[in-house]
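Quick notes on the structure that follows.
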Amino acid sequence: MQAKKTWRAAFFLFISLLAASSLSFADNPFTCNLDKFNDTMLLCGIAALSMAALISLVYIGGEFAQSARMLTWAKTEAIQVFASLAIVAVVLFVLSSMCTFQVGEFKDVFGVSSMPKIYQSAGGGSDSLYGGAMRYTENLAALALSNVASLRYDLGAYEIRTSYNTFDCSGDCLFSLSSVSTAPFSGNSMNLAISNNMMGIATVSYLSAIFMYFTLVYIYSGLFIVFLPLALIIRSVPFMRHLGGSLIAIFVSLYIMYPLMLVADAYVAPGFTANALSAGNSGAVVMCARDGRNCAGSAIFSTAAQDGITCSPAGTEPCFGHEEWGMEGIGRSQDAMNNLSPNEPARAIRLNVLIFLAAVFLPAINFIVIAAFGRELSRFLGEEADMSRLGQMI
Amino acid sequence: MQSAGFAFSQKKPNGIALLLTVFSLLMLASLAFPSVPARGGDFGAYVDQQQTYFNNRVDGWWTLAVTAILICISFNTLVYMLGFALESQEVKNYAKAEFLQVSASSLMIFFAVDLIFNVSSGGQTVAAFDFMGDLVGTGASSISCTATPGGRFILWKGDPQFGTGPIGAFKCKTQEKISAVDNAYDAVRSANYPLEQEESICYYLLGVPVWCGSWDLDLHKRVEQAHLLSSKMTDVSVSLHAQYVFAEYIQKNMLTVFLPFGLVLRIFPFTRGLGGLFIALGVGFFFVWPTFFLLTDHTFVKVDNPPAQSLQEGVCFSGFRGSSVVLAGVVMPGVAAQASDLAVTKGKDLVYQLTIGTVFYPFVALVLTLIFVRAMTPLLGGDMGELMRMVSRLG
């Protein structure tokens with residue numbers, strides 16, 4: 001009976017060694033052109049092989065010395081080597097899938113009816129998931145900036161209009177020094193306050209969008225090349241296993257779940273404008289192009305079939321009644337002041353809410369998902385990581 | 001129970017066994033009464049429509065779900081073999097617990113449609129939609145809403161602009177408030193414009209101002225009141241627009257994205273918490289949240305029977321509607337009030353009532369939904385720590 005058990009254990013170790021050696025010399029399935037990952041994967045393989053050799057030695061020693069403690073340790077570590085190999089294989093498989101999986105296939109796999117316009121116009125959905133996530137965040141950041149530019153114009157226009165004064169000096173005022181001053185556009189001060197309020201929301205949205213963009217850049221460039229392989233190696237070392245497992249969970253959840261959630265957001269965002277903000281007497285969602293930004297990024301709310309946000313170029317209705325008043329000192333007359341036509345406040349509110357939801361609300365949901373996934377995965381790998389607290393620390 | 005590093009946490013087998021038993025019994029109940037009683041009228045059409053949406057989405061996910069189940073079962077088999085080879089009871093227990101979890105997930109997936117739409121018992125359907133129907137009525141239940149023709153939103157008949165059902169009713173009520181705020185804002189702005197101009201006038205004599213409009217305290221007070229009102233209205237308007245889009249998000253995604261995605265995620269051990277959370281969120285926000293919103297709205301009238309043909313909907317209506325008429329008048333769009341009057345009195349009342357309607361009632365429904373989600377998530381093996389932290393921070 002004892003011989004049978006020994007044979008089974010030896011057989012299992014042999015299979016593990018075979019798996020480890022095949023991994024260390026396998027072709028790298030990763031296709032995202034990150035050559036540095038090859039070396040690190042090789043290190044992982046070498047670490048696993050070394051560990052397997054050490055376990056074998058300990059097991060032989062345990063059999064020789066009839067030490068139950070050594071035998072138990074060897075068995076436990078054998079399981080861990082198996083687990084490490086499985087983790088490396090799964091991580092590699094998922095990452096290579098992420099690189100080859102296209103955003104257009106996302107539509108087919110998940111049965112979504114239409115593809116977002118940003119993917120439709122870029123090779124018909126041929127972006128990889130990583131490329132798709134980057135395209136979405138770039139567009140979102142551009143839209144948030146276009147919105148800030150539009151509001152900046154509104155604020156400027158309202159400031160100028162409210163501070164415009166007429167000085168009525170008719171008749172003999174030059175001799176009597178009597179006159180009357182009036183601010184004909186002073187009623188715009190209400191809109192000025194609202195635009196100020198909106199500017200606060202727009203700034204938060206822009207900060208969030210640009211934060212998402214740079215986080216993605218960091219994940220693509222720093223996290224994958226340096227930290228994830230490092231975490232895999234750390235997990236191969238017995239005394240660092242908890243730390244390694246926790247790091248793998250955090251990095252994998254960021255590297256896999258974060259881009260995946262962003263692509264999901266890209267598919268969800270156009271639904272916000274399908275019936276929502278063009279309903280009733282609210283009117284269509286119109287964005288006015290200012291500062292030469294041409295409503296950049298507004299396509300994230302559009303599908304191939306319909307536009308969620310309509311862009312109104314400078315100098316055309318409904319942004320301007322006549323011609324653009326340049327705010328450069330020209331047109332000091334009251335007639336020219338009428339051409340300094342800002343957006344209607346209600347339109348700015350609708351647009352800002354839409355961008356806020358895409359730039360702040362959906363990322364908050366993403367964070368909940370990523371944190372829950374990271375916690376589960378780290379628990380599975382041996383150490384529970386409280387990602388929420390880690391996020392607070394950062 | 002953990003080994004070094006690789007956590008073979010032994011889940012609560014009794015809880016899982018209980019869950020499996022419950023699902024098995026439900027399945028048997030469904031099989032025992034295979035003929036689902038037909039739901040008639042608009043309510044039946046609404047449920048059929050939702051089932052079509054759900055089936056369209058889930059049909060594409062079957063392959064994904066079955067593949068995930070097979071992968072997990074294969075992995076569990078390997079783990080069990082490993083435990084057998086190494087004579088580790090701990091590993092074998094883990095494999096067994098995981099097998100039970102995968103079985104529970106499989107049952108949920110295979111019978112999700114029945115649980116939501118078709119489960120019947122004793123000749124009566126007891127599926128999720130029917131629970132909702134029991135609470136809010138399956139007939140001509142309605143809610144006061146001036147954004148829909150006739151002034152009442154008939155729950156299961158719906159409106160092309162807002163959709164059907166409780167979420168459609170929520171959107172209608174929100175649009176009603178949005179229109180009211182927009183109109184009130186326009187009225188306040190119109191009232192304020194000449195006042196502000198008047199306030200800006202200054203008379204000079206010998207180059208020295210002898211009288212300015214802003215020196216008139218009463219005038220200044222009215223202008224500042226208008227400023228304050230417009231500021232409050234902006235906050236309310238932002239909140240209302242956000243609620244509208246949020247309702248749109250729930251209407252489109254909970255049953256067709258969160259629920260199927262949650263079912264698939266629940267299969268894998270390291271995404272089980274997330275999957276359970278998604279299922280609970282999907283069910284909670286699609287069924288519980290709009291239902292409780294309706295129940296907490298005092299203009300809601302529950303009717304189990306379809307309306308009589310002779311009654312003109314929205315005009316003659318059986319049931320209590322006293323307060324609903326009063327409140328519907330308050331937020332009726334296009335009220336031709338005197339501008340200054342609205343700025344001082346009606347504007348204040350409107351902002352007060354809209355703030356209560358915008359913040360309080362949805363908040364009550366949200367709290368009840370979160371209680372439901374909190375109770376359901378652990379049962380499904382989910383983790384809702386992050387969600388609760390986010391909610392507490394928002395609060």
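The values are calculated or read from the model by the stated rules, or taken from the named source; none is laboratory data. Here the structure is a predicted model, which means the values were calculated and not measured. We place every Cβ from the backbone using ideal geometry, glycine too, and count neighbours over all the protein chains shown.
For this structure, a couple of remarks:
- Given (1) within 30 Å of B:Ala226 (Cβ to Cβ); (2) more than 9 Å from every other protein chain (Cβ to nearest Cβ); (3) in a helix (DSSP H, G or I), index of the condition B:Thr146 fails: (3)
- Selected residue (only one of B:Asp216, B:Asp235 is over 25 Å from B:Pro160 (Cα atoms) and either at pLDDT 90 or above or among the polar types (S, T, N, Q) (or both)): B:Asp216
- Residue check, B:Thr77 within 12 Å of another protein chain (Cβ to nearest Cβ) and either surrounded by fewer than 18 Cβ atoms within 10 Å (Cβ to Cβ) or assigned to a helix (DSSP H, G or I) (or both): no
- Whichever residue in the stretch B:181-204 is among the β-branched types (Val, Ile, Thr) and closer than 30 Å to B:Ile356 by Cβ and, among such residues, is surrounded by the fewest Cβ atoms within 10 Å (Cβ to Cβ): B:Val188
- Selection from the stretch A:154-177 of residues that are in contact with a Pro (Cβ under 7 Å, 6 or more places away or on another chain) and closer than 30 Å to A:Gly297 by Cβ: A:Asp154, A:Ala157, A:Tyr158
- Summed over the stretch B:195-236, residues that are touching a helix residue (DSSP H, G or I) at 6+ places or on another chain (Cβ under 7 Å), β-branched (Val, Ile, Thr) and facing chain A (nearest Cβ under 9 Å) total 3.
- Condition check for A:Ala209: away from every other protein chain (no Cβ under 13 Å), within 29 Å of the chain's Cα centre (by Cα) and surrounded by 22 or more Cβ atoms within 10 Å (Cβ to Cβ): yes
- Among the residues making up the stretch A:51-85, a single one is within 10 Å of chain B (Cβ to nearest Cβ), surrounded by fewer than 21 Cβ atoms within 10 Å (Cβ to Cβ) and aromatic (Phe, Trp, Tyr): A:Trp73.
- Residues of the stretch B:154-174 that are part of a helix (DSSP H, G or I), within 11 Å of chain A (Cβ to nearest Cβ) and either farther than 13 Å from B:Phe293 by Cα or not hydrophobic (A, V, I, L, M, F, W, C) (or both): B:Gly168, B:Lys171, B:Thr174.
- Residue check, A:Leu54 within 19 Å of B:Ser88 (Cα to Cα) and free of Cβ contacts under 8 Å to residues at least 40 places away in the same chain: no
- Hey, B:Pro260 in contact (Cβ under 8 Å) with a residue 24 or more places away in the chain, within 11 Å of chain A (Cβ to nearest Cβ), buried (at least 17 other Cβ atoms within 10 Å of the Cβ) and assigned to a helix (DSSP H, G or I) or not: yes
- The set of residues in the stretch B:241-255 being of a type in the set (A, V, I, L, M) and more than 9 Å from chain A (Cβ to nearest Cβ) consists of B:Ile250, B:Met254, B:Leu255.
- Screening B:Phe286 against (1) within 9 Å of chain A (Cβ to nearest Cβ); (2) crowded, with 21+ Cβ neighbours inside 10 Å leaves a single unmet condition, (1).
- Residues of the stretch A:96-106 satisfying the condition of being more than 14 Å from chain B (Cβ to nearest Cβ) and surrounded by fewer than 22 Cβ atoms within 10 Å (Cβ to Cβ): A:Ser96, A:Met98, A:Cys99, A:Thr100, A:Gln102, A:Gly104
- Scanning the stretch A:147-193 for residues that are more than 8 Å from chain B (Cβ to nearest Cβ), of a type in the set (Gly, Ala, Ser) and touching a Leu at 6+ places or on another chain (Cβ under 9 Å) yields A:Ser150, A:Gly156, A:Ala157.
- Selection within the stretch A:340-351 - crowded, with 24+ Cβ neighbours inside 10 Å and assigned to a helix (DSSP H, G or I): A:Pro345, A:Ala348, A:Ile349, A:Arg350, A:Leu351
- Where B:Lys96 falls short, out of the listed (1) within 9 Å of chain A (Cβ to nearest Cβ); (2) touching a Pro at 6+ places or on another chain (Cβ under 9 Å); (3) not aliphatic (A, V, I, L, M): (1)
- Scan the stretch A:347-371 for residues that are under 18 Å from A:Arg290 (Cα atoms) and facing chain B (nearest Cβ under 9 Å) and the total you get is 3.
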